[in-house]
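The values are calculated or read from the model by the stated rules, or taken from the named source; none is laboratory data. The shown structure was predicted, so the numbers you read here are calculated from the model rather than taken from an experiment. Cβ sites come from the backbone with ideal geometry, for glycine too, and all protein chains shown count toward neighbours. Side chains included, ligands, DNA and RNA excluded: accessible areas come from the protein's heavy atoms. Shrake-Rupley method; radii C 1.70, N 1.55, O 1.52, S 1.80 Å.
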Amino acid sequence: MTISPASVTLTLPQTSQLTAATLDANGGALAGRTVTWSSGSANVATVNSNGLVTAVAAGTALITAQSEGKSGTASVVVQLA
């Protein structure tokens, strides 16, 4: 699984859309897979069920997308305006 973009920098109170691509063993795209999103630091950045990241406070958060036992991550840096 890959997440695009792999890293993003936001300024409060910006948002950014992340996209997850589920891939087979050969790197081919798999359609129709359910993806679950989570933030490792929800006090810095939150992520909704569609991959929309919202800046909450200055810092760094690791956003994870999971599907069928596979996962990918993206780094989010939040800066003060």
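The table that follows gives values for the structure above.
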quantity: Condition broken by Ala42, with the remaining ones in (1) surrounded by fewer than 17 Cβ atoms within 10 Å (Cβ to Cβ); (2) not in a loop (DSSP other than H, G, I, E, B); (3) not basic (Lys, Arg) satisfied; calculated: (2)
quantity: Filter result (closer than 15 Å to Lys70 by Cβ and open to solvent by less than 50 Å² (accessible area, probe 1.4 Å)) within the stretch 1-26; calculated: Met1, Ile3, Ala20, Ala21, Thr22
quantity: When residues of the stretch 52-76 are limited to those that are under 17 Å from Pro13 (Cβ atoms) and in a loop (DSSP other than H, G, I, E, B), the one least open to solvent (accessible area, probe 1.4 Å); calculated: Ala57
quantity: Whichever residue in the stretch 36-49 is in contact (Cβ under 8 Å) with a residue 12 or more places away in the chain and polar (S, T, N, Q) and, among such residues, is farthest from Leu18 (Cα to Cα); calculated: Asn43
